[in-house]
Amino acid sequence: MDQKRRTIIAAGAAFGLSGIAAAPLYAAGPTYSFKVGTNVPVSHPIYLRLMEAAERVKSDTGGKVEMRIFPNGQLGGDTEMLSQVRSGGMDFLTLPGVILATMVPMASLNSVGFAFSDYPSVWKAMDGGVGDLIRDKIKATGLVVMDKVWDNGFREITSQFPISSPTDLQKARIRVPVSPLLVSLFKSLGAAPTPINFSELYSALQTRIVEAQENPLPIVATAKLYEVQKFCSQTSHVWDGYWLLANGRAWQGLPQDLREVVAKNMNAAAIAQRADSEKLAITLMKELEQKGLKFNKPDPAPFRKKLAEAGFYTEWKKKFGAEAWAVLETYSGKLG
């Protein structure tokens, strides 16, 4: 077993993953070889579960299908990789919904501010009507989307100062993904949002181009953002997931039986990764505190009130349409 493979298996064990076993040697090379891009680092559960799924796909297809995982934005920034998967320069991509929304606006429906307060309500919506609506819109672009969305988590704010209320965000330079909804949300809260690709985030915080950012705790940990931030305010203002997308031509080029193997293993990996992510959310706060990050948990009510007063909910209801908004409120309750 080579050193790279030992490292992957050791990383999987560290996250309590199972099923990554030594793959058999195949006499012939793969019939189908796919590039899979992701922006997460190698220690993130999404990468680890993708690696596990790739091994299972290879095993279940007798070595016919090889899925090569490229982590940490190696194939480009988020928007660049989206362009590549559309053109066929890349075959598969995991992409947060808030970024996919630059092409498929409905992909940010689940990321309306404070729509969800816990994971049970999230999965009920995303495996139900909200997820169905988003997947239909993605498919209309010619991209293929797997049935199960992966967990990115509830987004929290890290900064050089604590955030206790919307007043603390006034004119704060906060990095957001290239996402119209998150730009709108933080403008409505009075901040100065700055869209920056994830691959440039650490350096932007380090050089103080921005003084704050917002991401789920697993991202804060695996990207080592605690090294360049002092506080974490657990606003949980948005939940977002990663969609696993495929180039339509590459997908249709696979025989039906092999497509079923890929889809089955990738959807199973998504379900397993959700559990990984939820467990991490519980344990990471203590670990990040030990690394020097100071935590506080603001009351969400003033933030919701500020968004409503600024017309945020009215604006996005109009953009998504009354029908889609009604589907969202079926799971979230009344918004605005």
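Odds and ends about this structure:
- If the condition is being in a loop (DSSP other than H, G, I, E, B) and modelled with pLDDT of 95 or more, then region 210-223 contributes V210, E211.
- Q273 open to solvent by less than 30 Å² (accessible area, probe 1.4 Å), of a type in the set (S, T, N, Q) and under 30 Å from T61 (Cα atoms): yes
- Candidate set: region 118-154, residues that are among the small types (G, A, S) and over 17 Å from the mean Cα position of the chain (by Cα); chosen: the one farthest from V85 (Cα to Cα): S121
- Some residue of region 259-269 being in contact with a helix residue (DSSP H, G or I) (Cβ under 7 Å, 6 or more places away or on another chain) and within 30 Å of T158 (Cβ to Cβ): yes
- Close pairs from region 180-195: first farther than 15 Å from G97 by Cα, partner part of a loop (DSSP other than H, G, I, E, B) and of a type in the set (K, R), Cβ under 9 Å, at least 6 apart: G190/K171; A191/K171; A192/K171
- Residues that are hydroxyl-bearing (S, T, Y), touching a strand residue (DSSP E or B) at 6+ places or on another chain (Cβ under 6 Å) and either surrounded by fewer than 24 Cβ atoms within 10 Å (Cβ to Cβ) or farther than 21 Å from V149 by Cβ (or both), drawn from region 32-62: Y32, S33
- Counting only strands (runs of 3 or more DSSP E) wholly contained in region 87-189, the ones carrying 3 or more residues that are of a type outside the set (D, E, K, R) occupy 92-96, 150-159.
The values are calculated or read from the model by the stated rules, or taken from the named source; none is laboratory data. For clarity, every value in this text was computed on a predicted model and none was experimentally measured. All Cβ positions, glycine included, derive from the backbone under ideal geometry; neighbour counts span all protein chains shown. These area figures cover heavy atoms from the full protein model, side chains too; ligands, DNA and RNA do not enter into them. Shrake-Rupley method; radii C 1.70, N 1.55, O 1.52, S 1.80 Å.
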